Each structure stands twice: as structure tokens, then as C-alpha cells.
């Protein structure tokens, strides 16, 4: 594990980027023949928009950039693992890589919940990108994950919105409404008055259709459309309850064993695609929302004022509690608060 630091500092990130550009000119003929195939266990069902628009194109582009030398075998949620199990199968080396949400494994680092996103804090995707990439949240998290034999890289930042089967209005008793949730959003939605439930992606549609739950969040409009949630739940709640990160989790030993040029291409591609996918996803959100409203009878509904007030207080409480997890959580929480002050949010 002597190369463990290589993914996490700017010098090596730049070196990796330059290697990706220069690789065809500098690799030896023997090195050029080295071929690698990784298995990738996703937390996304294959029906999810993120599987088809994020994971599949990334694998195709990696194969193209490496001229077929680095291939990924993609598995949808549940083929080997699902939800919080993905982190562990990557850590154990059962697969070399996975996609996941940090909310599934909050106890793996004091920074995991902040990396997922703190409800009710940031409002625009660029703000989250600045926090994790420029203000050091992702790098600090990966320093803590070293000992576990993995590291993470953000796949995209996206809005999270609640979709409900029943329209709510001021004065409604929300304690009768069960909603699928995860991570810090469980506390957030509980404070608003809902009853959160933990349900993995593959069971989500069935749970909604059969009345096991009354609402859910799976991303926002893109997730609702691709997972067919709007077939049984027509009310899309505004504003977003969270800006969240989907991430890749990667086995460090497998990463360090890659030929240097493939490692550089791979690392650079994931960094690049994070920004590309985050921007493209906003376009997809607008398209999905228009489809839902114009063709599927979806209605955009604002949370009642009293619910939004409870959410605002819950956001403050969640961040304060999170910052008590450890010195790094305090340090990064202060950076988040500083950013929010700069933006005029607090």
C-alpha cells in the first residue's frame, strides 16, 4: 500500500492528467499490451437514468481512451451487492470498483455525511463542487479512508427532491406519510414531520405501488422518471431538500496495481466526468420535469411554510451535530459555514 497517497494530491492529479495526454508517446511496447478488466458493482438499478447516462458512458469512454486496454464489467444493483453493501464488496476486493451514495455508509468516516451533502445548506451544484474539490472535503475524506483500503471520487452533484402519492397542504398531519429516505435526510424529514423508511433502489417502485411507503426520494426529476415513480406518485415537492453527491468507491490495491499510464487516464477521466456530468444532469433535470408535467400529469408542489421552517431548523441542528463527530468534521463544517456566509445564506 505504499502508493496509497497517489490519488489524493494535486501534484499527482496533474501528473496523471499529463500522463493521460502523453501516454501513447512514452509507454513501452510491452506496457502497451497490458490489459485490465475491472468489475463494477453499482448501487443504481440498470433501469436508473444514472446507470445508463453515467456509468455506461464512463466505461465506454475509458475503453476508448485506453484503446481497449482498460475495460469495465458493469453490474446493476443487487447482482452481487446493493445499497450499503457496495462499499464492503469493494473494500474486500470482491469487485474493484462500485458506485454508491455516501449516505449508505455514514460510519466509515466522520466526513461521510458532509460528503453526501447536508440538507438545507447549499443550493447550486457549483457550490458543492467548490466545497468538495477546491475547499478540500473529498481529499480530507480520502485521507480517513486510506486505512480501509478504498478511496472515493464524486461522480456528480445533483438535486434531491421528494415525490409523494398524496398532495400535502398547510396543517396536514405528516406523521401519517411514510417516505423512503437515507443518511442525514432521515433526520431532516423526521424533523419536518414525515416518517422515513430505509428501502433500497430495486424495491422502491414496488414499495410505492403497494402502499408500503407514500413517498420517496431517488434524485429528483431524472430519478423519478427513469424509475417510473411518477406512475404511482404524481406530486414532486419543491424546493429540493438536498444537493447530494453520487460517488465512485475504488479499491486502493487494485488502483495502485494499474499500469501507470492507465492509472493516470482513469483518474483524469473520473475528475473530468464529474464536472461534465454535474452540468449535463441539470439539463436532464429540466427535460425530465417538462416531460412529467406536460405528459404524465405530474404537479410541482411547494412545501407548506411551516414545514420549510421546521426543515431550516433541522438543517442547523444536523450540521451542528455533524461537526461534533471529530476535528476534521469540525474543520470542514466551518468551511461549509464560511461558504454559506459568503453566499449570503446565513
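Among residues of region 47-73 being without any contact (Cβ under 8 Å) to a residue 40 or more places away in the chain and touching a helix residue (DSSP H, G or I) at 6+ places or on another chain (Cβ under 6 Å), the one that is nearest to residue 277 (Cα to Cα) is 72.
So that you can scan it fast, the table gives a plain yes or no per residue for (1) surrounded by 24 or more Cβ atoms within 10 Å (Cβ to Cβ); (2) under 16 Å from residue 100 (Cβ atoms):
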| residue | (1), (2) |
| --- | --- |
| 147 | no, no |
| 153 | no, yes |
| 166 | no, no |
| 169 | no, no |
| 180 | yes, no |
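Within region 217-259, how many residues are part of a loop (DSSP other than H, G, I, E, B) and closer than 30 Å to residue 34 by Cβ? Explain how you work it out, then say what you get.
Initially, region 217-259 is screened for residues part of a loop (DSSP other than H, G, I, E, B), giving 217-220, 227-228, 232-234, 239-241, 257-259.
Retained after the next criterion (residues that are closer than 30 Å to residue 34 by Cβ): 257-259.
Looking only at that region, the number is 3.
Just to verify a result, which residue in region 105-125, among those that are in a helix (DSSP H, G or I) and touching a residue at least 12 places away in the same chain (Cβ under 8 Å), is surrounded by the most Cβ atoms within 10 Å (Cβ to Cβ)? Restricting to residues being in a helix (DSSP H, G or I) and touching a residue at least 12 places away in the same chain (Cβ under 8 Å), the top hit is 114. If you go through region 36-47 and keep only what is at pLDDT below 95 and closer than 15 Å to residue 59 by Cβ, you end up with 44, 46.
With the condition kept exactly as written, say whether any residue in region 137-149 is free of Cβ contacts under 8 Å to residues at least 24 places away in the same chain and part of a loop (DSSP other than H, G, I, E, B).
No, that holds for no residue.
Do we have residue 337 as within 22 Å of the chain's Cα centre (by Cα) and more than 18 Å from residue 162 (Cβ to Cβ) here? Here the answer is yes, as residue 337 does meet what is asked. Does residue 73 count as modelled with pLDDT of 95 or more and either within 19 Å of residue 202 (Cα to Cα) or not in a loop (DSSP other than H, G, I, E, B) (or both)? Here the answer is yes, as residue 73 does meet what is asked. Sort out which residues of region 288-314 are part of a helix (DSSP H, G or I) and at pLDDT 95 or above, and write them in order of number. Answer for region 288-314, where residues must be part of a helix (DSSP H, G or I) and at pLDDT 95 or above: 288, 289, 290, 291, 292, 293, 294, 295.
The values are calculated or read from the model by the stated rules, or taken from the named source; none is laboratory data. Keep in mind it's a predicted model, so treat the numbers as computed, not measured. As a convention, Cβ positions derive from the backbone with ideal geometry for all residues, glycine included, and neighbour counts pool all protein chains shown.
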